[in-house]
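Only one structure is covered here, and it is reproduced in the block below.
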Amino acid sequence: MKKAVVINGSPQAERGTTGRVLAPFIEGMEAAGAEAQLFYAGRMKIKPCSGELDCWNKKPGQCIHADEMEALYPMLRRAETLVLATPVYIPLPGEMQNFLNRLCPLLEPVLETRDGRTRARFRADVAITRIVLVVTSGWWEAGNCDTVVRIAQEIAADAGVEFAGALVRPHAHMIWKKGEPTKEGQVVLEALRKAGQELIASGSIDPETLIAVSRPLCGQEEYRQVSNRSYRQASGEAEG
Ligand SMILES: Cc1cc2nc3c(=O)[nH]c(=O)nc-3n(C[C@H](O)[C@H](O)[C@H](O)COP(=O)(O)O)c2cc1C
């Protein structure tokens, strides 16, 4: 069974947009035979890294903090795939950032220069071979996700593993209308399911599938007008 650990960094957990975008991706992974373990960074007690770097020096591989990461580390060590799922929160929700910093004990600081950059690697007891990103954002253009994509790419490069793709979903909330997927939204959800299957079945996600996940659900000007209208209605109602 191919093991995957999925970390959803959205404070909105399963009811959030990221959780609802992630669900069909996980379904696809499981349909292709993966065992996916899903965790919500915001629901776990994860202390911020305090920067002593004992996990590199005094006690290699061991974090000094005693919290819920203690249970997660063995699962991370056994997983083949690490899925990072997050909304864009200029750039990340704090809970997600805390989780990412706490990956430090899994890295071995024997430095190499790769493509001109100073890089470490995951330790030999870490099975992860690839990192995948699922990112949602509110505004229209996919470029809002670029910073988060870059962060995930950097983590994969620092760990010496493959970055197996970014599922980028801008104006993600527009997948649904009144709680139900729109016709266009349904196509996106299907593409997410397909992406999960492809990742587990072939080890990579077809570029066409990634394009389908990110496809615009309306024009940019229409998006702006609809958003401004609903903001005015919501704030008017709040004042009234
Ligand atoms: C604090 C905060 C910062 C955000 N920053 C951005 C941003 O820079 N660009 C963007 O497109 N959306 C931004 N958003 C919108 C969220 O990324 C978007 O609504 C996301 O799909 C929410 O997912 P969730 O429901 O799982 O939290 C922000 C939302 C919050 C609350």
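Taken together, the values in this text are just the output of simple stated rules run on the coordinates, not laboratory data. Nothing here was measured: the structure is a model prediction, and the numbers come from that model. When we count neighbours, we look across all protein chains shown, and the Cβ atoms used for this are built from the backbone with ideal geometry, even at glycine.
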*Lys, Arg +1 and Asp, Glu -1 on Cβ, resulting dipole of region 110-229 about Cα centre, debye, nearest 20*: 260
*Antiparallel %, DSSP beta bridges [both residues in region 2-239], to 5*: 20
_Checking a compactness column here: for region 66-139, what do you get for Rg(Cα) / (2.2 N^0.38 Å), N being the number of residues?_
1.24
*At 20 °C and 1.002 mPa s, grab the translational diffusion coefficient of the chain from Stokes-Einstein with a Kirkwood Rh over Cα pairs, rounded to a whole number in µm² per second.*
114
_I want to check the label-to-label distance for residue 62 and residue 32. Put each point 7 Å from Cα in the C-beta direction and report it in nm to one decimal._
3.8
*Counting helices only, and only those DSSP H runs with n ≥ 4, report the 222 nm mean residue ellipticity of the chain as the sum of -39,500 (n - 2.57) divided by its residues, in deg cm²/dmol to the nearest 500.*
-12500 deg cm²/dmol
